[in-house]
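Here's the structure we're looking at; comments come further down.
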Amino acid sequence: MIRLGELTKLITKGTTPKKFVSEGVKFIKIECFEDNIINSEKCLYIGEKVHYKELRRSILEENDLLFAIAGATIGKTNIVTKEILPANTNQALAIIRLNTNENINFIYQILKSDIMQKYIKDSISVGAQPNLNLQQMNDFSFHHPSLSEQNKISSLFTSIDERIQTQRKIIEKLKTLMKGSREKIFSQKLRLKDEYGNHFSDWRVEYLGNISTITTGSSNRADSILDGDYTFFDRSQDIRTSSRYLFDKEAIIVPGEGQEFIPKYFVGKFDLHQRTYAIFDFLHINGRFLYYQILNDDRHLQSQAVGSTVKSLRLPMFQSMPIKLPSLKEQIKIVNFLSSIQEKIDIEKEILEKLELQKKFLLTNLFV
């Protein structure tokens, strides 16, 4: 075992400048962190005079590790690359600078492991916000293999991280394809054809209240449980469960309050919050087609919502929502087309989840 302080020089003398500028030297905050990179597009800027004089103690160097030591993001870490330099950081991020011959990526993986997370949980002082001090960082200890073994472990995790990043890019491209396809279809810039190669008939417009039943539930958040038999929907994006069900339907679920109104498609028995809407009993329209259309037309619900602090939707807003109605044959063809993309997204997400579980397993078992 070895202490982190024996391998590194720790610096936490960064400060937040009095003002930022439109361009200049990058100033890195925790908001700049992404999974395995520091996104320079999210960084703020300071002037060169501030960089070299006022904040000279927090000037970053290539291969510095930045580690969040305070706040809700405590434990997040990233490596400073030469592409991000010159740069400074603030007091919420410790600068970990190796002073011996160590593999930087090995130390990086150690700091991201469950061992460090457990150490944080056991060590943090909880006041206004959780934090670690320099001495606690120095005292963090872990198994320390030879440089040769560090290099092998680093190579393994680098290949996994690269594969994970590639997988995320695949998913993002598919999401972009899905969004673009929906927009083109519902603006009718993209028209599908029938089995004979002909365009379907023109679309008509109908109000949502005329082609479906729309209602709220009668349950409260307190009625939901963690291990119920039925799905419980409220305005949050997390899905809970319930011991009872109010509906047994193919339905589109839309939160009635919040900052965004993202619909969900569901078939089966479910419980429903009193400020959440269910749309069902569809007339002349395919349920999944309607789901894709509402998902695509999120601006309509946003524009209709009332309230200043918490936006909310009312039943008449749903009933008067205009819905484009092609023939049922065209609806089904559109659903099949969009669902094929969604199925591909779901498959790629499963692959990503398996890769992340594989990495977590290795992080847990290699560093114990």
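The dipole here belongs to segment 268-359: it is taken about the Cα centre, uses +1 on the Cβ of Lys and Arg and -1 on the Cβ of Asp and Glu, and is about 240 debye.
Overall shape: oblate for segment 148-253, with the ratio a/c of the largest to smallest alpha carbon gyration tensor axis at 1.5 or above and b/c at least equal to a/b. The residues neighbouring Lys18, those whose beta-carbon lies less than 14 Å from its own, together hold a net charge of +2 under the Lys/Arg +1, Asp/Glu -1 convention. So how tilted is helix 114-123 from the main axis of the chain? Cα-based, degrees 0 to 90, rounded to 10. Between helix and principal axis, roughly 70 degrees.
May I ask which of Lys173/Lys333; Lys19/Lys360; Lys121/Lys311; Lys26/Lys264 have a Cα-Cα span longer than 31 Å here?
Those over the limit are Lys19/Lys360; Lys121/Lys311; Lys26/Lys264.
With r defined as the distance between the Cβ atoms of Asn39 and Lys344 and R0 fixed at 30 Å, what FRET efficiency is calculated, to the nearest 0.05? For Asn39 and Lys344, the calculated efficiency is 0.65. Listed by chain and number, the aspartates and glutamates placed with their C-alpha closer than 18 angstrom to that of Lys249 are Asp229, Asp234, Asp271, Asp281; residues fewer than eight positions away on the same chain are left out.
Seen from Leu44, the other residues with C-beta closer than 13 Å to its C-beta sum to a net charge of +2, counting Lys and Arg as +1 and Asp and Glu as -1.
Take every Cα pair under 8 Å whose residues are at least 6 apart in sequence, average their separation, divide by the length of the chain, and the relative contact order is 16 percent. All other residues whose Cβ lies under 13 angstrom from that of Thr213 are scored, Lys and Arg at +1 and Asp and Glu at -1, for a net of -1. Calculated mean residue ellipticity, 222 nm, the chain: -11500 deg cm²/dmol, from DSSP H runs (n ≥ 4) at -39500 (n - 2.57) each, averaged per residue and rounded to 500. Where the accessible area of segment 94-204 is counted over protein heavy atoms with a 1.4 Å probe, how much of it, in %, is carbon and sulfur? Of all accessible area on segment 94-204, carbon and sulfur atoms account for 51 percent. Ranking Phe247, Ile46, Asn103 by how far each Cα lies toward the positive end of the dipole of the chain (charges on Cβ) leaves Ile46 at the top. A Förster distance of 35 Å, applied to the separation of the beta-carbon atoms of Lys184 and Asn365, puts the FRET efficiency at 0.15.
Which distance in nm do the two modelled labels at Ser236 and Gln302 give, with both placed 7 Å along the Cα-to-Cβ direction? The two pseudo-label positions are separated by 2.4 nm.
The values are calculated or read from the model by the stated rules, or taken from the named source; none is laboratory data. Remember, predicted model here, so these are calculated numbers, not experimental data. Counting neighbours? That spans all protein chains shown, and the Cβs are built from the backbone with ideal geometry, glycine included. The protein model used for the area step is the full one, side chains on, heavy atoms only, and it has no ligands, DNA or RNA in it. Shrake-Rupley method; radii C 1.70, N 1.55, O 1.52, S 1.80 Å.
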